[in-house]
1. Please give the FRET efficiency for Q27 paired with A107, using the beta carbon to beta carbon distance and R0 = 22 Å, rounded to the nearest 0.05.
2. Going by amide H atoms built from the backbone, whose H comes under 5 Å of the H on T369, apart from near neighbours?
3. Could you go through region 70-78 in sequence order and give the Karplus-derived ³J(HN,Hα) for each residue, using 6.51 cos²θ - 1.76 cosθ + 1.60 with θ = phi - 60°, rounded to whole Hz, and x for Gly and Pro?
4. Could you give me the ³J(HN,Hα) list for region 101-110, computed from phi with Karplus coefficients 6.51, -1.76, 1.60 and θ = phi - 60°, whole Hz, x at Gly and Pro?
5. Using a Förster radius of 41 Å, what is the FRET efficiency between T121 and C211 based on their Cβ-Cβ separation? Nearest 0.05, please.
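A short reminder: the numbers here are calculations on the coordinates, not readings from a lab. Keep in mind that this is a model prediction, so the values were computed, not measured. Note: ideal-geometry Cβ built from the backbone for every residue, glycine included; neighbour counts use all protein chains shown.
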Amino acid sequence: MKKLFICILSLFLLLPAASSDAAQTWQQIHDRIGVQLDQVYEIYKTGNADGAKDAVNDIYYGIYEKDGLESAVRSGISSKSANLTEYQFYTLKKVIRAGAPQSEVEAEGAKLLNMIQDEVTTLETRGVESGGWGMFLQAFLILLREGVEAILVLVGIIAYLGRAGHEKELSTVYNWAIAGVIASFISAYLFVSVLDNSTTTGSGREIIEGCTALFAVFVLLGTSAWMGGKSNAKAWKSYIDSKVKLTLSTGKSRALGFAVFLAVYREGAEVILFYQALFNNAIGDIDMIWGGFAAACAALALLFFLMQQGALRIPVGPFFKVTSAFMFVLAVTFLGGGLKELQEADVISTSVIEAVPVPSIDLLGLYPTYETIVPQLLLILAAAAMVSYRKRSASAEA
């Protein structure tokens with residue numbers, strides 16, 4: 001864990017220097033969005049719907065997200081508020097693609113701008129400024145929020161290796177985690193430096209993050225099913241007896257390591273890009289960002305230690321049941337998060353559920369859209385069917 005922390009810290013020191021321009025206030029960012037929306041309307045008047053849609057993407061990826069307003073809303077207000085604004089961006093693009101009347105396009109744009117104004121007013125009222133302690137809080141919450149998911153996967157796998165007597169494989173897991181951090185920085189560098197100013201930059205990033213999350217779902221489901229099969233004493237004894245030398249097969253070792261890599265990579269790339277936005281908007285407040293970063297690292301280290309110690313105290317049978325369920329919950333979470341990333345990239349549609357109040361909870365990958373909820377429910381039903389089948393099979397063998 002120490003080696004991983006040193007790697008993360010050293011790579012963060014390589015982040016590009018902050019912009020030399022004065023830090024923007026949230027209201028100034030809102031006003032820039034308003035100016036850009038007027039340009040969207042002018043482009044749409046010419047009959048260039050694709051150009052207008054691209055201009056909306058430029059506002060979302062180049063201002064709302066890049067200048068740090070989205071991360072401030074998630075940290076200072078709620079994930080629900082940020083998600084609703086994202087859905088409104090999608091709605092605006094949807095009416096543009098549909099060739100709606102000019103008045104309807106401008107009405108949706110005005111609604112979007114009003115939502116952003118409400119967010120700005122709330123941020124300023126709560127004292128979540130674009131500088132000072134506001135930057136500290138954002139830096140702290142961003143790393144804490146994104147780091148928890150990666151730690152959950154890491155703790156589960158490390159606890160399993162300790163219980164199964166495979167401590168020698170821990171270095172492999174940590175190496176995969178470090179590889180995930182390095183890959184995160186490479187991806188962030190490509191998007192920020194190489195693909196900067198491209199209208200596809202933001203959407204390309206969302207597509208990569210979404211596909212990574214969906215691939216992680218399959219890895220986590222496989223790990224969950226495998227651990228679930230070891231949850232009864234007979235199966236565990238059989239497994240231990242077959243592993244006299246207490247070594248993992250190459251395939252299983254790589255699968256566990258790859259699960260860690262995907263978790264770290266997915267969260268790491270997003271953390272780096274969010275921090276880049278903070279640095280771009282924080283001239284004079286760099287120390288506050290690093291303070292928030294250090295505080296979050298300390299909190300995550302403490303959380304990692306407490307969770308690891310707690311996991312190692314669980315009896316063998318319950319441990320595998322808990323770990324299997326835990327990996328499955330993460331798979332459901334990653335499924336929702338991955339699909340949401342693809343929604344933001346316009347790869348899949350966004351249909352907000354309005355009949356039933358569904359909360360937005362990033363940590364659980366829960367979002368109020370049919371495209372995210374339905375696949376999650378189907379996955380849960382499939383898992384319930386599998387658990388029922390296993391119980392019937394176990395009863396038949398008894």
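1. It comes to 0.45.
2. Those qualifying (amide H under 5 Å, at least 5 residues apart or on another chain) are I353.
3. Rounded to whole hertz, the list is 4, 5, 5, 5, 5, 7, x, 10, 5.
4. Going residue by residue, I get x, 4, 5, 5, 4, 5, 5, 5, x, 5 Hz, with x marking Gly and Pro.
5. In this case the efficiency is close to 0.65.
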